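Right, one structure below, let's go through it.
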Amino acid sequence: MKNGLTGSAAWKSLENHFRAVKDISLRTLFSEDPSRAERFRIQDEGIYFDYSKHRITSETMVLLFALARERGLGKRIAAMFSGEKINITENRAVLHTALRAPKGSTVMVDGHNVVPDVHQVLEKMSRFANSIRRGEWKGFTGKPIKNIVNIGIGGSDLGPVMAYEALKFYSHRDLAFRFVSNIDGNDFSEAVQDLSPEETLFIVSSKTFTTLETMTNARTARKWLLDKLADDKAVARHFVAVSTNEKEVAAFGIDTANMFGFWDWVGGRYSLDSAIGLSTMLAIGPDNFYLLLDGFHQMDEHFRSAPFERNIPVIMGLLGVWYIDFFGFSSQAVLPYENYLKRFPAYLQQLTMESNGKQVTLDGDRVDYNTGAIYWGEPGTNGQHSFYQMIHQGTSIIPCDFIGFRTSLNHLALHQDYLIANMIAQGEALAFGKSANEVKNEGVPGSLVPHKVFEGNRPSSVFFMEKLTPGKLGKLVAMYEHAVYTQGVIWGINPFDQMGVELGKVLAMKIIPELLDRDRPLQHDTSTNELINFYRG
Ligand code: F6P
């Protein structure tokens, strides 16, 4: 029975309930219950969360909350916040919430209050950010820094680039920001091709400071700099590091006085509000960065204290379980109707899929149910002119998260009205569709009717807010972080390790020397041998 999930009373009740409600349409649910929109809505934390267009009844939610209680979600939330080592495969606490804990609060790890450490790093980041932003920090030849290049990958890239794009409106426009992640040399080459080394600062962001992509790009960056400045001492003025690994930072040649630290209890994909956010702070300034942290913290408090029935991340997580495990909908689209959030779906891919893409329980048993969904998306309305066809009429049902704001940061007459009308319309079309009769009544010729039918009954959530601010971004990110944890608890898996990324990395390290030495004998399968031979030429 593995970890008992599928044999539990709550799960059995959900299975029975599923059989009873699975064919009820959203049209029926809405027509039978005029108060549905109000009942399945939460307005808290400045977020209007409408989940009424989901294939749920009140009983569904009661049973999902019962499942959460049976799985001990309340205790598991408390365990995370208290610094218990819930990442059991790595024997680590999981305390991204401590990164945004207000000064003066207490979060203990191994008998030590980590909050003062967090604020010490934030203050060091603030001093550094101010000196760059004011032009006081000079490059090796005495020129102020104009370009910031963040070198990192995974959580050390996706958070920084997403937050930079999301908060560009608030950014210091005299500084140019670039992000290099891919080991593909084209990434680095394009990022620096129009930059002057004398005015460029590299932030090497890597929790471990051993990641192949990041260290390769960092070495290339050092060479690029020294080719022009021709003095090793220049490195100290043009490189800073964000890492947990002081030894490797020093070995690379970066002055550890210019290192911004964090801790093993911050997972890579949960690190954008740690020193990994240095590029974000450089862009938006320390005050805005603190507002971002405050947004995270507000959502942490909501997750920790709101009853499940009013708890946005808990409800999001449970709806995901309902679709993945009962309906078998394995994919989740995230569709921001806010162009500044264009990298948000990519950011969420790592957060959700590296966390919950797991096949064994905490005890190491193979799960006998489905876990994490595939997350993907693009900003609206661009997606409407591409993959929405499939969302509306494809054979796979894809629950959608729509994210929108009432007020645009750049007011241009009618743009926002058109944008938001589209967002609202998409949810309506997905839920209620258009029947064959409705199509016929429009005078469509018979042969075309089936092509123009929208079956509807396709679920979506709307997250509606006033305006994209640093605080709102913090809330949004924390909301998804906690939805991920909610699901991890239900499934009894570890959302905080990522062992599935290892095997490919190890095999690549074996293949590298085989590509470099054409005479080395190959002992892979025939397909792999032939691919290596093709590259060897
Ligand atoms: O690919 C796995 C991973 O460990 C991610 O979890 C992490 O965000 C990324 O690599 C980068 O790691 P680091 O910050 O140590 O360079």
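The values are calculated or read from the model by the stated rules, or taken from the named source; none is laboratory data. Note that the structure is a prediction, hence the values are computed from the model and not measured. All Cβ positions, even for glycine, are placed from backbone atoms using ideal geometry, and neighbour counts span all protein chains on display.
I'd like the full set of residues that are at positive phi and part of a helix (DSSP H, G or I), limited to the range 464-504.
Hits for the range 464-504: nothing passes.
Tell me, which residue of the range 248-286 that is among the hydroxyl-bearing types (Ser, Thr, Tyr) and over 23 Å from Arg219 (Cβ atoms) is surrounded by the fewest Cβ atoms within 10 Å (Cβ to Cβ)?
Here the answer is Tyr270.
Looking only at the range 1-55, which residues are surrounded by 13 or more Cβ atoms within 10 Å (Cβ to Cβ) and of a type in the set (Ser, Thr, Tyr)?
Thr6, Ser8, Ser13, Ser25, Tyr48, Tyr51, Ser52
Against the condition within 16 Å of the ligand (Cβ to nearest atom) and either hydrophobic (A, V, I, L, M, F, W, C) or surrounded by 14 or more Cβ atoms within 10 Å (Cβ to Cβ) (or both), how does Ala508 come out, does it pass?
Here the answer is yes, as Ala508 does meet what is asked.
Residues that are over 30 Å from Gln498 (Cα atoms) and either within 11 Å of the ligand (Cβ to nearest atom) or in a loop (DSSP other than H, G, I, E, B) (or both): does the range 211-228 have at least one?
There is no residue in the range 211-228 that is over 30 Å from Gln498 (Cα atoms) and either within 11 Å of the ligand (Cβ to nearest atom) or in a loop (DSSP other than H, G, I, E, B) (or both).
Of the conditions (1) in contact (Cβ under 8 Å) with a residue 40 or more places away in the chain; (2) closer than 23 Å to Lys452 by Cβ, Leu348 satisfies every one except a single condition; which number is it?
Only one criterion in (1) in contact (Cβ under 8 Å) with a residue 40 or more places away in the chain; (2) closer than 23 Å to Lys452 by Cβ is unmet by Leu348, namely (2).
Can you tell which of Leu167, Leu122 is within 17 Å of Ala346 (Cα to Cα) and either out of contact with any Ser or Thr (no Cβ under 9 Å at 6 or more places or on another chain) or crowded, with 17+ Cβ neighbours inside 10 Å (or both)?
Exactly one of Leu167, Leu122 is within 17 Å of Ala346 (Cα to Cα) and either out of contact with any Ser or Thr (no Cβ under 9 Å at 6 or more places or on another chain) or crowded, with 17+ Cβ neighbours inside 10 Å (or both), namely Leu167.
Just to be sure, is Ile391 among the hydrophobic types (A, V, I, L, M, F, W, C), surrounded by 19 or more Cβ atoms within 10 Å (Cβ to Cβ) and out of contact with any Lys or Arg (no Cβ under 6 Å at 6 or more places or on another chain)?
yes
Go through the range 353-367 and count every residue that is of a type in the set (S, T, N, Q), farther than 18 Å from Ile86 by Cβ and within 13 Å of the ligand (Cβ to nearest atom).
The qualifying residues number 0.
When you look at Arg173, is it surrounded by 19 or more Cβ atoms within 10 Å (Cβ to Cβ), of a type in the set (Lys, Arg) and modelled with pLDDT of 95 or more, yes or no?
No: the conditions fail for Arg173.
Which count do you get for residues in the range 351-378 that are without any contact (Cβ under 8 Å) to a residue 40 or more places away in the chain and either assigned to a helix (DSSP H, G or I) or within 21 Å of Ile391 (Cα to Cα) (or both)?
1
Say whether the condition of being within 22 Å of Leu318 (Cα to Cα), out of contact with any Ser or Thr (no Cβ under 7 Å at 6 or more places or on another chain), part of a strand (DSSP E or B) and not hydroxyl-bearing (Ser, Thr, Tyr) is met by at least one residue in the range 443-463.
yes
Take the range 194-210 and flag every residue that is outside any strand (DSSP E or B), within 16 Å of the ligand (Cβ to nearest atom) and under 23 Å from Ile284 (Cβ atoms).
Those that are outside any strand (DSSP E or B), within 16 Å of the ligand (Cβ to nearest atom) and under 23 Å from Ile284 (Cβ atoms): Ser206, Lys207.
Sort through Ser206, Ser171, Ser131 and tell me the only one that's in contact (Cβ under 8 Å) with a residue 12 or more places away in the chain and farther than 22 Å from Asn245 by Cβ.
Ser171
If the Cβ limit is 6 Å and pairs must be 6+ apart or interchain, which residue in the range 501-524 that is touching a residue at least 12 places away in the same chain (Cβ under 8 Å) pairs with which residue that is outside any helix (DSSP H, G or I)?
Pairs found: Glu514/Arg520.
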